[in-house]
Amino acid sequence: MSAPSALSTSDPDISPRATVAVDLVDHAEPKAHLRVTQWSVVRSEWIKFRSVRSNMITLVAAGVVLVGFGALFASLAGRGNAVGPSNAGSDALSTTFGALDLTQLILGVLGALFIASEYSSGMIRTMFTAVATRVPVLRAKALVLGAGAWGVMTAAAFAAFFIGQAVYAGSGRTFALTDPGVLRSVLGVGVYGAGVVLIGLALGFLLRSTAAAIGTLVGVLMLAPGLVSLLPGGISTPLGKILPSNAGSAFTSVIQSSDRLTPAVGFAVFAVWVVGLLVAAAVVLKRRDA
């Protein structure tokens, strides 16, 4: 209960309108203090992400590349020509997802640029000053990028699957979505895309340099499998299986082989890569200056 107002309607010198105004002031609730919450940081990062046109274009381009090149590889399969990357010819589904190597590079670069560009411009200092603690910024960027990449890549994977199986010209059989392992592979493409963009983001936080983050990303995802294969067989085989790209292929492929992990183990290993790099980025973020 608020204290009675000193102004009363019985006072002939006070108008009824003034009395109402004083009464409203007396009964007004105090305004809640504005606080920076994790959700507000997420909204800020989402606005920042979609405000830069190149971010949206790059994300959509990754999905278009997967669908477009997958349809091209599928339509040219079995014509006696070496079409697409090395993983694009073993079966109808891997041919359909043959552009995943290029797509992962696009997504990884997007993740690295999303934070490394802020370090180069100095904008990250403003963000850290506004938020006060730094880890919520990492969580917000990871949520925005991961959710966006997962949504686009999952939709693109389904589109690539249906189009690729329809135009497949190879000698192997085509697949239906209800065949064993097919739905897991299609959904796995979306999960892999989200994971790769988070790897790029973590490297951007760790290295704080666009060139260094992209160079490391290319080395880990695309060059490391070839370099590891040059090692003696007793080392190259088990080491090659746990590389992030090879672990990803274990749950995005429907045909399993002895040189790959099982889908469940491959997913677990890939998750360790993603989570491990994000945790490392969070630890470094808390311990060093911006």
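Worth pointing out:
- Residues being within 29 Å of GLY63 (Cα to Cα) and β-branched (Val, Ile, Thr) - total across segment 117-160: 5
- Here segment 253-276 is the region considered, the condition is being in contact with a helix residue (DSSP H, G or I) (Cβ under 8 Å, 6 or more places away or on another chain) and at pLDDT below 90, and the residue that is surrounded by the most Cβ atoms within 10 Å (Cβ to Cβ) is ARG260.
- Considering only residues in segment 115-129 that are assigned to a helix (DSSP H, G or I) and small (Gly, Ala, Ser), the one that is nearest to the chain's Cα centre (by Cα) turns out to be ALA116.
- Exactly one residue out of VAL186, VAL228 is closer than 23 Å to PHE69 by Cβ and either of a type in the set (D, E, K, R) or in contact with a helix residue (DSSP H, G or I) (Cβ under 7 Å, 6 or more places away or on another chain) (or both): that is VAL186.
- For ALA176, the criteria (1) farther than 19 Å from LEU113 by Cβ; (2) among the hydrophobic types (A, V, I, L, M, F, W, C); (3) not in a loop (DSSP other than H, G, I, E, B) hold in every case but one, which is (3).
- When VAL152 is tested against (1) of a type in the set (Val, Ile, Thr); (2) under 20 Å from the mean Cα position of the chain (by Cα); (3) not in a helix (DSSP H, G or I), exactly one condition is not met: (3).
- Selection count, segment 204-255, where residues are free of Cβ contacts under 8 Å to residues at least 12 places away in the same chain and not aliphatic (A, V, I, L, M): 9
- LEU261 falls short of the stated requirement of being over 27 Å from LEU138 (Cβ atoms) and not in a loop (DSSP other than H, G, I, E, B).
- Some residue of segment 183-192 being assigned to a loop (DSSP other than H, G, I, E, B) and touching a residue at least 60 places away in the same chain (Cβ under 8 Å): no
- Selection status of ALA112, modelled with pLDDT under 90 and either surrounded by 15 or more Cβ atoms within 10 Å (Cβ to Cβ) or of a type in the set (Gly, Ala, Ser) (or both): no
- Annotation note: Cβ proximity below 8 Å between a residue of segment 256-270 that is assigned by TED's automatic domain parsing to the domain that holds LEU239 and in contact (Cβ under 8 Å) with a residue 60 or more places away in the chain and a residue that is surrounded by fewer than 20 Cβ atoms within 10 Å (Cβ to Cβ) and of a type in the set (D, E, K, R) (sequence gap 6+ or interchain) occurs for PRO263/ARG184.
- Filtered residue count, segment 271-290, keeping only those that are touching a residue at least 60 places away in the same chain (Cβ under 8 Å) and not small (Gly, Ala, Ser): 7
- Residues located in segment 220-243, provided they are outside any loop (DSSP other than H, G, I, E, B) and either among the polar types (S, T, N, Q) or at pLDDT 95 or above (or both): SER236, THR237
- Considering only residues in segment 124-142 that are aliphatic (A, V, I, L, M), in contact with a Lys or Arg (Cβ under 9 Å, 6 or more places away or on another chain) and more than 11 Å from GLU45 (Cβ to Cβ), the one that is surrounded by the most Cβ atoms within 10 Å (Cβ to Cβ) turns out to be ILE124.
The values are calculated or read from the model by the stated rules, or taken from the named source; none is laboratory data. Just so we're clear, the structure is a prediction, and the values are computed from it rather than from any experiment. Counting neighbours? That spans all protein chains shown, and the Cβs are built from the backbone with ideal geometry, glycine included.
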